[in-house]
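Accompanying notes for the structure given below.
Just so you know, all these numbers are worked out from the coordinates, no wet-lab data involved. Just so it is clear, the model here is predicted, and its values are computed rather than measured. So basically every Cβ, Gly included, is an ideal-geometry build from the backbone, and we count neighbours across all protein chains shown.
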Amino acid sequence: MLVRRRLLAGVAVAGGVASGGLQAQMPPWPGGRSVTMVVGFPPGGQADVSGRPFAAALERVIGAPVPVVNRPGASGGLGNAFVARAPGDGLTVLMALSSMLILPEADRIHGRVAQYEIDQLAPIARVTADPTVLVVPAASPWRNLGELVADAKRRPGAISYSSAGNFSALHTPMAMFTAAAGIDMLHVPFQGGGPALTALLGGTVQALASGTGPVMQHIQAGRLRALATTGATRVPGLPDVPTMAEAGYPDVLYLIWAGLFVPASTPAALREQIRAAAARAAGDVDAQRALTTAGSPLAYLDGAAFEAFIRQDAARLIPAVRRIGRVE
């Protein structure tokens, strides 16, 4: 496979020349036919926020429709499994979140047959990669993470948080945090990040760990207060919000990334055509602008670099899920 690495953060790729070269070297993918991009969550969550601008850019690259189809359920597992079983003809792709790495292990922990295995999905490209942001309503009494922890210790199980489902990309970082802090908070799962955010804004729950994209506008508008982030460094748009490590929890490190996958049965040559198209889409200025405006800038990786990233992330997250154990 032709191996290339591109790291983009809201700036144009040197893609004009590369784009023309790629188009000259290989036939267009997928021959002018519509390509379905599956998102395993309802609209409004991180996968959807990342997927739609990228799908629009792909449409411009391949000259064919790329509709986004939301197939929510089982913390994204239903959509992941659907694509894992789809024909490897290049006509069905998946925009998955980081939770796709741990859902099979979570099934096994609960004594269930895994809906899919990671090796049934072939990685193409990482599109975004953001830390989660622990947010609470601006009217809440907690001004910082320490106050939330102290209150949760005084009132075990009384403070609730929403997620996109058990072991989803919104649940896992919160489970890591509550375990590290030694607190008990009530987990309220929903079918996706959009409904989880709606529950927080509507007062149904009191906290949420979300990707930056869906919550940034609400933080800036004063509706939500950010207490901490789960990245290695502070979020540029939230310079006053500490990381979990800075707040005293160095092991709570989690990136909610969105990446493009195809069924593993997709032939290597076709995978490379899809990767090349994705690389050109990553250079689309409109897509970059839309992602940045949404608070989740492009963080592009493909080829061997993305595969190595996935291996490293899985090696860190799967043991974390085993430590969390069964979730009823």
For ARG289 paired with ASN144, estimate the spin-label separation in nm (one decimal), with each label point 7 Å from Cα along the Cα-to-Cβ line. 4.0 nm
Between the stretch 210-263 and the stretch 90-107, how far is it from one alpha carbon centroid to the other, in angstrom? 21 Å
For VAL38, which sequence-distant residues (separation of 5 or more, or a different chain) have an amide H within less than 5 Å of its own amide H, given hydrogens modelled in the peptide plane? VAL69, VAL93, LEU94, MET95
Which entry in [x] 199; [y] 113; [z] 216 matches volume of the Cα convex hull per residue in Å³ derived from the coordinates of this structure? [y]
Tell me, what HN-Hα J-couplings in whole Hz come from the Karplus equation 6.51 cos²θ - 1.76 cosθ + 1.60 at θ = phi - 60° for each residue of the stretch 182-191, using x for Gly and Pro? x, 10, 10, 10, 7, 8, 10, x, 10, 7
Rounded, prolate or oblate: which fits the stretch 153-192, taking a ≥ b ≥ c as square roots of the Cα gyration tensor eigenvalues, rounded meaning a/c under 1.5, else prolate when a/b beats b/c? oblate
By its C-alpha gyration tensor, with a ≥ b ≥ c as the square roots of the eigenvalues, how is the stretch 244-318 shaped: rounded for a/c under 1.5, else prolate for a/b larger than b/c, else oblate? oblate
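To the nearest 0.05, how large is the calculated FRET efficiency for ALA179 and GLU117 if R₀ is 22 Å and r is the Cβ-Cβ distance? List each step's numbers first, then the result.
Working: r = 26 Å, r/R0 = 1.19.
Using R0 = 22 Å, I get an efficiency of 0.25.
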Per-pair calculated FRET efficiency, R0 = 35 Å: ARG316 and ASP89 via Cβ, rounded to 0.05: 0.55
In nm, to one decimal, how far is the modelled label at ALA232 from the one at THR198, with both set 7 Å along Cα→Cβ? 3.7 nm
Run the helix sum for the chain: -39,500 (n - 2.57) per DSSP H stretch of 4+ residues, divided by residue count, reported at 222 nm to the nearest 500 deg cm²/dmol. -12000 deg cm²/dmol
Starting at the first residue of the stretch 247-261, write each ³J(HN,Hα) from the Karplus equation 6.51 cos²θ - 1.76 cosθ + 1.60 with θ = phi - 60°, in whole Hz, x for Gly and Pro. 7, x, 10, x, 8, 8, 10, 8, 10, 9, 9, 10, x, 8, 10
